Structures are given as structure tokens and as C-alpha cells.
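One structure below.
The values are calculated or read from the model by the stated rules, or taken from the named source; none is laboratory data. For clarity, every value in this text was computed on a predicted model and none was experimentally measured. All Cβ positions, glycine included, derive from the backbone under ideal geometry; neighbour counts span all protein chains shown. Heads up: the accessible areas ignore ligands, DNA and RNA and are worked out on the full protein's heavy atoms, side chains in. Shrake-Rupley method; radii C 1.70, N 1.55, O 1.52, S 1.80 Å.
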Amino acid sequence: MITALIGFAALLTLCFMGFRVGFATLIVGFVGFGLERGFHASLGMVGQQVLEDAMNYNLSVIPLFILMGVFVYRSDVSRDLYDAAFAALGRFKGGLALATVLACGGFSAVCGSTLATAATMSKVAMPQMKAFNYSDKLAAGTIAAGGTLGIMIPPSVPLVIYGIIAEQDIGLLFMAGILPGLLLVLLFMLAVVVVVYRDPTAAPPSEELDPVRRKQAIRGTMPVLILFLVVLGGIYGGVFTATEASGIGAFGAAIIALSRGYLRKLSEWRVCLVETAITTAKIFIVLFGAVVFAQFINLSGMPYDILDFVEDSNMSPLQLVGFIIAIAIVMGMVFESIGILVLLVPVFLPALYAADVDMIWFGIIVVLVTEIGLITPPIGMNAFVVKSVLPEVKLGDIFRGVTPYLVALILGLTLVFLIPGIATFLPGLMR
């Protein structure tokens, strides 16, 4: 246990020094394993683990879903999604903010990336809200919080990574994410209503969308909706696996991009493929580093020390999950979502299995916690993404603006924690 704690301390030190999580875990895992078993054995372990993971067929889901999101992002579907949401909600107080939440949810459903959702909606929604004198706190806070929906509503890369680490069915995890994702959209919209009720000046009335533009927006969103239904409907209906669905999704997104006038040039294909390769490489480095670090942690005996601690403490399954949530929230203030998953889940797996915790439900819980971390100071990665796209907005205003949504996320986490059926209802139909 002491060895593992020293390893975690070294990992935190490297991260605060500016090392990427993937490289930090790789270094600490390699050195720690080497000190325990010898560096020759450590070299062999690193080579074997990285080779085995690199050849894992299930990992092909990640680059294909990322490619799908890149195609959708580059084909400017986001503007149609936003306008369609505004057409439906613009008549209400705070209609532009409500439309932003709904558009973030829709874009997340085909993009799967938190950062891409936040960055895209900063460019699409902020100019509209600025034009109607929405407060910076409400506007930027809505965009930063709405971006967190990208890791819950499937297809979700963090859910894929969790499924691989915990050896759970990715299709079931996708199905489990639908109801919690919709619940968060509703809670975020409720947060907008509360903010506008308390401060009507934060969201002055806005004009309704032009009827011609409304029809164009609705027509523009239909292919994306169909693609979403085909991908998830195919997985849920057993027509194809999650891996096959990722390929179909990428192909369908390419067709949508072509129909919208994109991908007509070789340079545009190159941009999409390079962006996908870079994003995939970043994720894989984190995964490979986590696998090496997990080998060191397992060698130290920490997971089994935790299992003994849980058994000696007579923790119930809910108490164990609550304990993990508390640790994950603290980690969320320092690490990004994938880093939390790859560092936290392997350590507690033996205890979770021994306590007979539903691992599909736990996957939704841990992803929900990482969403909280994305808008929680001091890191709050989504807040910094919005700040980078909108440099004129004060970072303090962004963090103050996300506070109502942080409350909504905590409420959503509480509901899913206390009512597991919210996450396991749909998967249960398949069993």
C-alpha cells in the first residue's frame, strides 16, 4: 500500500509539473514496476501490455466514433441543430439558453466529445446570445455546462474506455447512458428557468426564428437524427455490435458531410483524418500509460488492500460507491475525464466485483462524476475551452455561470445513485 501511495504522489507531482497524464502514468508505472521486479522485467511488461492493447479489436471503436464526430463537426451540422432547437424553444423566457442546452445534447449524440461540443457551441450560440444582450455568466456558463453532455449521451468515448477497462458490454453502456443523458438535459433546462426567474435581465426577450430558416434547420437535422437512431437502434436491436456500429456511424457521417458540400476536396479529407489520428493518439497514450501504471499498482497489492479494508469496514455496495464518488470528485478537480477513469477504476475493480455492484450502473455513475469535474475549479477543462474560444469573457464569469448547472449535475448524480433503474432500465430489457 505504501509503495502505491508513493507512486500516486509521484504521479501527481509529474502532472503538476506539466507532464501529460499518459506520459506521467507510463513513467511512474515503468519505474515503480522496475524497482519492484527489475527494469529488465519492467521493459518486457511495458512492451507486452502495449502490444496487447494496441491489438485489441474493441479499441477500434474509439477512432471510428471520433472520425464520425469529426465529420459531423466539420460539416457544420451544429448550426442547424441550434436553429432547430431555437425554433422549438425560442418563444420561452431564456429561449436562446434553452436552445443551447438542447443543441448541446443533440450535437453530443453524434459528436461524443465534450471539448468539441463546448468549442463548437461557443462559436454558434454565443454570438446569438450576445446579440440579444444575454449576460456573459448565463451564456458562457450554459455553453460550458452543455458541453459536458458529450460524455454521457452515446456514442461516448469515456463509456467505451470504461467498458474496455471494466470488461463490460459497450452496447449496454450506451443504452444505459440514454436516460441519464436525457435527465441531465432536462435538469439543465430547469437550471436555465431558475436563473431567468431569479434574474430576468440575464435573458432579455429574443425574436422568433425566420420561418424559412426554421424549415431549413429542421431539414438539416433529419439526417443526423436518422444516423443517431440507426447507430443506437442497431446496437440495441442486436443487428450489429458497437464496433460495427462505429464503422457504420463514420460512414453515415461522411455521407452527411458530402451531402452538405464538405469532403469534396482531398485537403478536407486530410484535415479530418489527421484530426482523428491526433485525437486517437492522445487517448491511446493515456490508455497505454494507465495499463502500465495499473500493473504497478496491482503488483503493490493496493487493490486487494482496499478489498480487505472494505470487508473489514462492512461497507454496503452503496457505501463503497459513495466512497469512490468522493475520491473521483476530488480527482476531477485535477484530472480530465479519461484520466479519472483509467486511474480510478482498475484500483477499485476487485472491491466492486466482491461487493456485487452492477458495473453498468457504476459506469454511468463514474462518468457522471467526471462531468462534474469538467466544470469544477481549479481545472474545469470545459470552462477553459470556452475561455479560449471567447477570450473577451472573464473566466470568473464562466465559473459563476456554471454554478446552477453544477447543482443540476449533483442532483442528477444523486438521482441515478439512489434510483439505479434510471441507468439500468433499458439494458435490463436486453437481459
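One residue is enough: does region 391-406 have a residue meeting the conditions open to solvent by less than 60 Å² (accessible area, probe 1.4 Å), hydrophobic (A, V, I, L, M, F, W, C) and under 15 Å from Leu187 (Cα atoms)?
yes
Would you please name the residue that is surrounded by the fewest Cβ atoms within 10 Å (Cβ to Cβ), looking only at residues in region 95-124 that are within 22 Å of Glu392 (Cβ to Cβ) and of a type in the set (Val, Ile, Thr)?
Here the residue is Val124.
Of these, Val31, Val21, Val77, Val70, which one is touching a helix residue (DSSP H, G or I) at 6+ places or on another chain (Cβ under 6 Å), within 30 Å of Gln295 (Cβ to Cβ) and among the β-branched types (Val, Ile, Thr)?
Exactly one residue qualifies, and that residue is Val21.
What about Phe362, is it farther than 30 Å from Met121 by Cβ, assigned to a helix (DSSP H, G or I) and over 14 Å from the mean Cα position of the chain (by Cα)?
Taking the combined requirement at face value, the residue does not satisfy it.
What number of residues within region 256-283 are on the phi < 0 side of the Ramachandran plot and either touching a residue at least 12 places away in the same chain (Cβ under 8 Å) or among the charged types (D, E, K, R) (or both)?
Looking only at that region, the number is 19.
Starting from residues that are open to solvent by 40 Å² or more (accessible area, probe 1.4 Å) and part of a helix (DSSP H, G or I), keep the ones in region 371-390 and report whichever is modelled with the lowest pLDDT.
Top of the filtered list is Met381.
Cβ-Cβ below 6 Å, separation at least six or inter-chain, first residue in region 30-54 and surrounded by fewer than 16 Cβ atoms within 10 Å (Cβ to Cβ), second part of a helix (DSSP H, G or I): which pairs?
So the pair list comes out as Glu36/Leu299.
May I ask you to list the residues in region 279-316 that are of a type in the set (Ser, Thr, Tyr), part of a helix (DSSP H, G or I) and open to solvent by 20 Å² or more (accessible area, probe 1.4 Å)?
If the condition is that a residue be of a type in the set (Ser, Thr, Tyr), part of a helix (DSSP H, G or I) and open to solvent by 20 Å² or more (accessible area, probe 1.4 Å), then Thr279, Ser300, Tyr304, Ser313 are the ones that fit.
Could you list, in sequence order, the residues of region 309-336 that are over 29 Å from Leu14 (Cβ atoms) and not hydrophobic (A, V, I, L, M, F, W, C)?
Within region 309-336, Glu311, Asp312, Ser313, Asn314, Ser316, Pro317, Gln319, Gly322 meet the criteria.
So which of Leu368, Leu344 ends up being in a helix (DSSP H, G or I), more than 24 Å from Phe188 (Cβ to Cβ) and of a type in the set (A, V, I, L, M)?
Leu344
Is there any pair linking a residue in region 81-100 that is charged (D, E, K, R) to one that is outside any helix (DSSP H, G or I) and open to solvent by less than 20 Å² (accessible area, probe 1.4 Å), with Cβ under 7 Å and at least six apart or on different chains, and which?
What qualifies is Lys93/Ala203.
Results for (1) of a type in the set (Asp, Glu); (2) without any contact (Cβ under 8 Å) to a residue 60 or more places away in the chain; (3) under 24 Å from Ile410 (Cα atoms), shown as yes or no for each residue.
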position	(1), (2), (3)
Asp312	yes, yes, no
Gln319	no, yes, yes
Ile327	no, yes, yes
Gly332	no, yes, yes
Phe348	no, yes, yes
Asp358	yes, no, yes
Val367	no, no, yes
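To keep it simple, each residue is scored yes or no on (1) touching a residue at least 60 places away in the same chain (Cβ under 8 Å); (2) hydrophobic (A, V, I, L, M, F, W, C); (3) farther than 20 Å from Arg79 by Cβ.
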position	(1), (2), (3)
Ala144	yes, yes, no
Ala166	yes, yes, yes
Leu187	yes, yes, yes
Met222	no, yes, no
Phe228	yes, yes, no
